[in-house]
1. Within 10 Å, at most 16 other Cβ atoms, and a DSSP state outside H, G, I, E, B define an exposed site. Report the longest part of the chain free of exposed trypsin sites (Lys or Arg not before Pro).
2. Got a sec? Charge dipole of the stretch 6-101, +1 on Cβ for Lys and Arg, -1 for Asp and Glu; which of 39, 26, 65 is way out at the positive end?
3. What residue among 90, 15, 49 has its Cα farthest toward the positive end of the dipole of the chain, where the charges are +1 on Lys, Arg and -1 on Asp, Glu, each on the Cβ?
4. Decide, for the stretch 47-119, between rounded, prolate and oblate: order the square roots of the alpha carbon gyration tensor eigenvalues as a ≥ b ≥ c, take rounded if a/c falls under 1.5, and otherwise choose prolate if a/b is larger than b/c, else oblate.
5. Report the local net charge at residue 40: Lys and Arg +1, Asp and Glu -1, summed over other residues whose C-beta lies under 12 Å from its C-beta.
6. Using a Cα distance threshold of under 16 Å, what count of lysine pairs results for the chain when pairs must be 8 or more residues apart or interchain?
7. Quick one: dipole size for the chain, taken about the Cα centre, charges +1 on Lys/Arg Cβ and -1 on Asp/Glu Cβ, in debye to the nearest 20.
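Every number in this text was worked out from the coordinates using simple rules, so none of it is lab data. From a predicted model like this one, the values you see are computed outputs, not experimental measurements. Glycine also receives a Cβ, built like all others from the backbone with ideal geometry; neighbour counts cover every protein chain displayed.
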Amino acid sequence: MFCSPSKRTRETLDIIVKPCVNEPSIYFSENLYHTSTINIFDIVMLEATKKKVLIVSHQPLLSNSIDNFFTRCKDEHYYNALTSYSTSALFNVSFKCEKWDQISEVNAVLNFFIKPSEL
């Protein structure tokens, strides 16, 4: 798990981690704060070591990263993430590659975008 070090994201992370049987590895990064100019996908490419990754961060960094990374793949999930990324919303993407440094828009699959109000 990657998380911004802010109080609010730490509180969100505590809610997510609480029901976990095994405590996940957590990496706190200032680059996930909303004022960062780095793309969240760049952080994953450089830092991820696990097969699955969860990022807890802020707006507008989340939607800006999605917009910058997905220049051609503009489906319903993409548009919803850009226009209505609310608190605690989830954007799920998977990549058809073996290593994180190989991720790209070409091997990405946008699985879903969901807001808490839709649950």
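1. So the longest stretch without any such site is 1-49.
2. Checked the options; the winner is 26.
3. 15
4. On the way: a/c = 1.77, a/b = 1.42, b/c = 1.25.
It comes out prolate by the Cα gyration axes.
5. Working: positive: none; negative: 42, 47, 67.
Residues near residue 40 contribute -3 overall.
6. 6
7. On the way: 12 positive and 13 negative charges, 38 e Å.
Roughly 180 debye, rounded to the nearest 20.
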